[in-house]
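Accompanying notes for the structure given below.
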Ligand code: SF4
């Protein structure tokens, strides 16, 4: 499973960062960085929840 962000849609509100800080981070310019785009099975539920919680629907999962 891979996760990616559409930087044109992301508004850097850090919802995903709060739910999975080991996967998502905001850099000094408030751009979302995906620290680990390849999501291991044991983290899948947590990352899926973060993706669904994005209020801008800026995150996509390729399963
Ligand atoms: S929750 Fe969505 S809008 Fe907010 S920082 Fe994450 S990807 Fe961007």
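Where a number appears in this text, it was derived from the coordinates with a stated rule and is not lab data. Nothing here was measured: the structure is a model prediction, and the numbers come from that model. Positions of Cβ are backbone-derived with ideal geometry, glycine not excepted, and every protein chain shown enters the neighbour counts.
Side notes on the structure shown:
- D_trans [Stokes-Einstein, Kirkwood Rh over alpha-carbon pairs] for the chain, 20 °C, 1.002 mPa s, µm² s⁻¹: 189 µm²/s
- Using 0.36 nm per residue and subtracting the Cα-Cα separation, the extra length available between residue 15 and residue 61 on full extension is 14.9 nm.
- Placing a pseudo-label 7 Å from each Cα along the Cα-to-Cβ vector at residue 31 and residue 45 gives an inter-label distance of 3.5 nm.
- Its relative contact order, with pairs defined as Cα atoms under 8 Å and 6+ residues apart, puts the chain at 48 percent.
- Taking the longest Cα principal axis of the chain as reference, the axis of helix 44-53 is set at about 30 degrees.
- Value of [θ]222 nm, deg cm²/dmol, for the chain, DSSP H segments ≥ 4, -39500 (n - 2.57) each, nearest 500: -6000 deg cm²/dmol
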